[in-house]
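The values are calculated or read from the model by the stated rules, or taken from the named source; none is laboratory data. Please read all numbers here as calculations on a predicted model, not as lab measurements. No Cβ is skipped: glycine too gets one built from the backbone with ideal geometry, and neighbour counts run over all protein chains shown. When the accessible area is computed, the model is the full protein with side chains, heavy atoms only, and any ligands, DNA or RNA have been set aside. Shrake-Rupley method; radii C 1.70, N 1.55, O 1.52, S 1.80 Å.
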Amino acid sequence: MGKRVRRIAVLTSVALFVGLLGPAASAEPGAARTRSVDARADRSSGARPDTVVLDGGRLQQTKVRLQHGDPRLRRAVANLTGRADKWLDQGPWTVVDKPRPAPGGDVHDYLSQAPYWWPSRSPTADNPWGCPYVQRDGERNPEVDSGTDRLDLEKVFDSSYDLALAWHYTGKRQYAEKAAQVLRTWFLASATRMNPHLDHAQFIPCKYDGRAIGIIDFSQSYTAVLDAVAILESGAPAWSRADRAGMRQWNGDFLDWLTTSEFGRQEAAAANNHGTFYDLLVAGLASATGEKDLARRTVRDAAVTRVDPQIAADGSQPQELARTRSWHYSTFDLVAYTRLAAIGQHLGVDLWRHRGPDGQSLFQAVRYLLPAATGRVAWPHPELEFHRFAASDVVQAAADAGDREARQAVPLLEEPPGGDLWSLRPAAEQLDSITG
């Protein structure tokens, strides 16, 4: 790890030096011509994004189809830009804005609160938190949305992804500029950046200053940010060499923490969706920072350490079915599996084709959801709030991977709120709202 960190530090220094030359270079003859070329590049952006989960070549092909007038894609882009437009006058967000710092006292440390833990007593002057806290699985405590960084983090993830994709498909500079501002503020600017660790994620008042399972605050969505950065790096006018080097440094430091810390080791050992999402995060970060062997090994090992013990022969996921939100968590875990499989496809590892000793497979896990996903039968397990559309992306992922039953089910899926964006970003997302 030490050599990689030093190598990244050198790249960062070089990139910053080159960035310092930028303003002087712009004053040289031909600068106006360069700006004109840049303006045209804003629209064409022909470079293939070196994405982690998404298929960069497919993104390019989809953009060409859009430019040739595909009406279905135009509708999808209208939905995407509608989302992106809403982000233009929001943010940027930063960890230093919370009312009080994390337990360690550093305002740059990320802080979130365990979502399913509630005070057992009414707060008093002597017990302002109402301790002790007790767990109520699947019931989200509204306290977690105030006083911590969790909601702002989700906005950083969602906005940067929407905005980068909107820039890719429209070439409109304001989308790239806003995405760059959001990412620089949260990850790079010295006054506002987040420290690259999760020592205080999902703390429980009066009980724990942070917990290993808080890693899921990042692991559930951060690979989308890695793809947003890759899209910006394909030619966005607002994203500099220094930004690129800075994000690579941050991601390398975060990967070091994730693979060496006690919290990281605990999350790696989780036998449910937490473990699957941990693998997704490690593989994504490793791929984005050039640690391809680590990324490849993580995907390959997941066949035996995740698929075989966590998916039953009939395709059910027993650990997720035991939850009060069994439909949510069954679809949620498959978001991690299908995104991990997408990373593997870029690295020559086919997780989709793996078969466990009892026939366990990702295809079988998706098929288990199809009767409820298509509305043919009711979901037969506990679920506090059933949303049929939560399975739409994972079914489309299986269909893309070649499963005939999934392909037949696609026309029967329920469209997610805000429209179906699969054609623009063909990788599964968590489509319903709860987290944790």
### Query
Quick one: Karplus J couplings for region 223-233, per residue in order, coefficients 6.51, -1.76, 1.60, θ = phi - 60°, nearest Hz, x for Gly and Pro?
5, 5, 5, 4, 6, 4, 4, 4, 5, 4, 5
### Task
Specify the inter-centroid distance of region 64-113 and region 224-240, based on alpha-carbon positions, in whole Å.
14 Å
### Message
Suppose every Lys and Arg Cβ carries +1 and every Asp and Glu Cβ carries -1, with no other charges. What dipole size does the chain come out with about its Cα centre, to the nearest 20 debye?
### Response
1360 debye
### Task
Give the distance, in whole Å, between the Cα centre of region 169-216 and the Cα centre of region 281-333.
23 Å
### Furthest towards positive pole of dipole, T259, A125, A283, structure part the chain, Cβ charges
A283
#### Entry: For S160, net neighbour charge (Lys/Arg +1, Asp/Glu -1) across residues whose Cβ lies under 10 Å away
-1
### Task
With no solvent and one equal point scatterer per Cα, compute the Debye intensity ratio I(q)/I(0) for region 172-225 at 0.27 Å⁻¹ and report its log10, rounded to two decimals.
-1.05
## Note on the structure
Expressed in angstrom, Rg and Dmax over the Cα atoms of the chain are 21.9, 71
### Task
Determine the distance separating the Cα centre of region 335-357 from the Cα centre of region 365-436; give it in Å without decimals.
18 Å
### Summary
Taking the convex hull of the alpha-carbon atoms of region 102-178 and averaging its shadow over every direction gives an area in square nanometres of 7.5 nm²
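Sum -39500 (n - 2.57) across every DSSP H segment of at least 4 residues in the chain, then divide by the residue count to get the 222 nm mean residue ellipticity, nearest 500.
Values: 17 runs with 222 residues, N = 436.
When only DSSP H runs of four or more count, the value is -16000 deg cm²/dmol.
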### Query
What residue among F203, A398, A336 has its Cα farthest toward the positive end of the dipole of the chain, where the charges are +1 on Lys, Arg and -1 on Asp, Glu, each on the Cβ?
A398
### Estimated D of region 64-126 in µm² per second, where Rh is the Kirkwood radius over Cα pairs and Stokes-Einstein applies at 10 °C, 1.306 mPa s
95 µm²/s
### Task
Give the residue from S221, A427, Q60 lying farthest towards the positive end of the charge dipole for the chain; charges sit on Cβ (+1 for Lys and Arg, -1 for Asp and Glu) and the dipole is referred to the Cα centre.
Q60
### Query
Based on the Cα atoms of region 94-147, what semi-axes does the equivalent ellipsoid have, where each is the square root of 5 times one gyration tensor eigenvalue, given in whole Å with the largest first?
22, 15, 9
### Summary
Surpassing 24 Å at the alpha-carbon level, of the pairs K63/K178; K155/K292; K63/K292; K86/K172, are K155/K292; K63/K292
### Rg(Cα)/(2.2 N^0.38 Å) for region 45-91, N = residue count
1.33
### Task
For region 363-420, run through the trypsin sites (Lys or Arg not before Pro) and keep only the ones in DSSP coil with at most 11 other Cβ atoms within 10 Å of their Cβ.
R376
### Message
Accessible area per residue for the chain in Å², computed with a 1.4 Å probe and the full protein assembly in place, what is it?
### Response
42 Å²
### Query
Where q = 0.18, 0.27 Å⁻¹, what log10 of I(q)/I(0) comes from the Debye formula for region 254-331, counting one point per Cα?
-0.76, -1.23
### Summary
With a 1.4 angstrom probe the carbon and sulfur portion of accessible area for region 254-380, in percent, totals 50 percent
